[in-house]
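Undergrad: Next up is a structure, given as structure tokens.
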Amino acid sequence: MLPLIPLLAVLAACASSPGQPGDPGSRSARSYGQATADSRRANEVLVRAISLVGTPYRYGGNTPAGGFDCSGLVGYVFLDAAGLRLPRSTSELMDLKSRRIARDKLQPGDLVLFTPASGGHVGIYVGEGRFVHAPSSGGTVRMDKLDAPYWARAYSGAKRVLD
């Protein structure tokens, strides 16, 4: 596994790349330093989420010191990194009135939603097909791949709250 600091630098660089003029699907070209407020906030969300990898899972938890459940992690990261207060429960996050995002249009900072057999689950997309989440009792906050068999089957959509 890569050390956290170099991984953060790589992901942050990838997440903030504006694309080149004429690239299919790229946003309008921006010069370095002209990122939108939302792209800066998304980058802060990305960095904060990754920094919490390894924090213990705790049902009902919503702080680094006390541990996190999935919705507690999402709420903490968005409030701490972007100043955005989100609903506390996974079901409220799933019902949140925000823009639904196609899987092939995911950007760092998007919420990824899952409906596994045990109920709803939520994580934060960090780029390159990966997301950060607090998966289950006895575990820790970790990064997983959307295309891993379990998560691919349970995937139910994504929402963009920083837009």
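Undergrad: Would you say residue 76 is assigned to a helix (DSSP H, G or I), out of contact with any His (no Cβ under 7 Å at 6 or more places or on another chain) and surrounded by 15 or more Cβ atoms within 10 Å (Cβ to Cβ)?
TA: Here the answer is yes, as residue 76 does meet what is asked.
Undergrad: Hey, residue 59 hits all of (1) in contact with an Asp or Glu (Cβ under 8 Å, 6 or more places away or on another chain); (2) over 21 Å from residue 150 (Cβ atoms) but one; which does it fall short on?
TA: All conditions are met except number (2).
Undergrad: Of all residues in region 79-109, how many are open to solvent by less than 10 Å² (accessible area, probe 1.4 Å) and at negative phi?
TA: Selection size over region 79-109: 1.
Undergrad: Would it be correct to say that residue 157 is touching a residue at least 12 places away in the same chain (Cβ under 8 Å), assigned to a loop (DSSP other than H, G, I, E, B) and of a type in the set (Gly, Ala, Ser)?
TA: no
Undergrad: Can you tell me which residues in region 131-151 are open to solvent by 20 Å² or more (accessible area, probe 1.4 Å) and closer than 16 Å to residue 77 by Cα?
TA: Answer for region 131-151, where residues must be open to solvent by 20 Å² or more (accessible area, probe 1.4 Å) and closer than 16 Å to residue 77 by Cα: 135, 140, 142, 143.
Undergrad: Restricting to region 110-130, count the residues that are among the aliphatic types (A, V, I, L, M), open to solvent by 20 Å² or more (accessible area, probe 1.4 Å) and modelled with pLDDT of 95 or more.
TA: 0
The values are calculated or read from the model by the stated rules, or taken from the named source; none is laboratory data. This is a predicted model, so every value here is computed, not measured. Every residue, glycine as well, gets a Cβ built from its backbone with ideal geometry; the counts of neighbours run over all protein chains shown. To get the accessible areas, we keep the full protein, side chains included, count just its heavy atoms, and leave off ligands, DNA and RNA. Shrake-Rupley method; radii C 1.70, N 1.55, O 1.52, S 1.80 Å.
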